[in-house]
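A short write-up of the structure that comes next.
Here, each number is a calculation from the coordinates, and none is a lab measurement. A quick note: this is a predicted structure, and the numbers were derived from the prediction, not measured. With ideal geometry, Cβ positions are generated from the backbone for all residues, glycine too; neighbour counts draw on all protein chains shown.
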Amino acid sequence: MQPELIDLLEEFVTENKVQLIKKVLAERTRHFAVVLEDVYHPHNASAVLRTIDCFGLQDLYITQKLHDYQLNPNIVRGASNWVSLHKYERAEGSTIKCFQELRQKNYRIVATTPDPKSASIHELDISQKTAIVFGAEHEGISEFAKQEADELVHIPMYGFTESFNVSVSVALILMDLVRRLKQSDIDWQLTQEEQQELKFEWYQRIVKRSDIHIKTYLKERSIADIG
């Protein structure tokens, strides 16, 4: 049924948009995912979401302990329409639940730290699906994340300042990882099923009154089947 509904909604999408979505889906990946642990500044949260979309990642995982995740629409610029947000309720065990779900999806968990004794991000093995964890603006990653992560990594720095802004860190790390991924022979693209699911989801968001179109189609289909 889903392919039929995709064809139905595609009639209301411009050809340029259809081709753009096709192109973006071909570059989309779930080989990498980003986790924000209790990031609270709307500017940073929004910049990270926008960066993830720009680098072709599909999933952003949000844990909330002391702060609620908020977006600034002026910075996001519609990126929230295309990225899948996985938010965990504000609670003590928010990061625990997030890590459990990532493990179930076969992600290796790598946490970022300013500690130069950790591995350089440039040395990170990217052969396995990897979720990269970024901590809160001042506190950094939690002790739980530090202990439970499979590996700790840092971005090499050469000045007096201890760390980059979190949104800058995400951009720098993804630039390196995505570049290496595209140059590798790793099977990083979405499956056809995943692409179809996202296309259907995106079409519903961009087609006005898509729910009415779908409801009408299903009703007519049901009547035809009865007849």
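What the table below lists for this structure:
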read-out	value
Under the Debye formula (equal points on every Cα, no solvent term), log10 I(q)/I(0) of region 160-227 at q = 0.15, 0.16, 0.23, 0.29 Å⁻¹	-0.78, -0.82, -1.02, -1.09
Alpha-carbon Rg/Rh ratio, for region 30-182, with Rh computed the Kirkwood way	0.92
Relative exposure of Thr14, Thr130, judged by other C-beta atoms within 10 Å (fewest first)	Thr14, Thr130
Sequence of Phe160, Phe12, Phe200, Phe99 once ranked by neighbouring C-beta atoms within 10 Å, starting from the fewest	Phe160, Phe12, Phe200, Phe99
Fraction of beta bridges assigned by DSSP in the chain that are antiparallel (%, nearest 5)	10 percent
Residue order, fewest to most beta carbons within 10 Å, for Glu37, Glu148, Glu201	Glu201, Glu148, Glu37
Value of Rg/Rh across region 2-50 [Cα atoms, Kirkwood radius]	1.16
The chain: angle of helix 210-226 to the longest principal axis, Cα-based, in degrees nearest 10	50 degrees
